[in-house]
1. Is the range 25-33 home to any residue that is at pLDDT below 80, out of contact with any Cys (no Cβ under 7 Å at 6 or more places or on another chain) and part of a loop (DSSP other than H, G, I, E, B)?
2. Which of the residues belonging to the range 60-88 are open to solvent by less than 40 Å² (accessible area, probe 1.4 Å) and under 22 Å from the mean Cα position of the chain (by Cα)?
3. Is there any pair linking a residue in the range 13-28 that is in contact (Cβ under 8 Å) with a residue 40 or more places away in the chain to one that is in a helix (DSSP H, G or I) and basic (Lys, Arg), with Cβ under 9 Å and at least six apart or on different chains, and which?
Amino acid sequence: MFLIGSLLMNSKLEEWKALAAIENKKARKSWGYFIEKKSFPRSGQAISKNLSKEAKKINRMLGRGYTKQTIAKRLHTTTNRVGQIITSYGLPIR
């Protein structure tokens, strides 16, 4: 009985894969081909090399030994946002 159920599940899975391929082909005709590169940088690896004004300020403050909380207070933003900028630019950069 298990073997039959497994075969049925595999055939259902194959049916869904075929249906997905058809739907994807239809979508590509109307929307075109979108290729997403889903590679995320490792921790501390920069996403962008060009620093924004805010990132430059944060980088300078980190170099002076300020904490995220202190930087957030001085820039009138949240510590979460400061952390996001640090991660996205791979700060501190010397």
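The values are calculated or read from the model by the stated rules, or taken from the named source; none is laboratory data. All values reported here derive from a predicted model rather than from experimental measurement. All Cβ positions, even for glycine, are placed from backbone atoms using ideal geometry, and neighbour counts span all protein chains on display. Protein only, heavy atoms only, side chains kept; ligands, DNA and RNA dropped before computing areas. Shrake-Rupley method; radii C 1.70, N 1.55, O 1.52, S 1.80 Å.
1. Within the range 25-33, the first condition is being at pLDDT below 80, and the residues that meet it are 28-33.
Filter once more, keeping what is out of contact with any Cys (no Cβ under 7 Å at 6 or more places or on another chain): 28-33.
Going one step further and asking which of them are part of a loop (DSSP other than H, G, I, E, B), we end up with 32-33.
Yes, there is a match, as at least one residue in the range 25-33 is at pLDDT below 80, out of contact with any Cys (no Cβ under 7 Å at 6 or more places or on another chain) and part of a loop (DSSP other than H, G, I, E, B).
2. Hits for the range 60-88 are Val82, Gly83, Ile85, Ile86, Ser88.
3. Sorted first by the residue in the range 13-28, then by its partner, the list stays empty.
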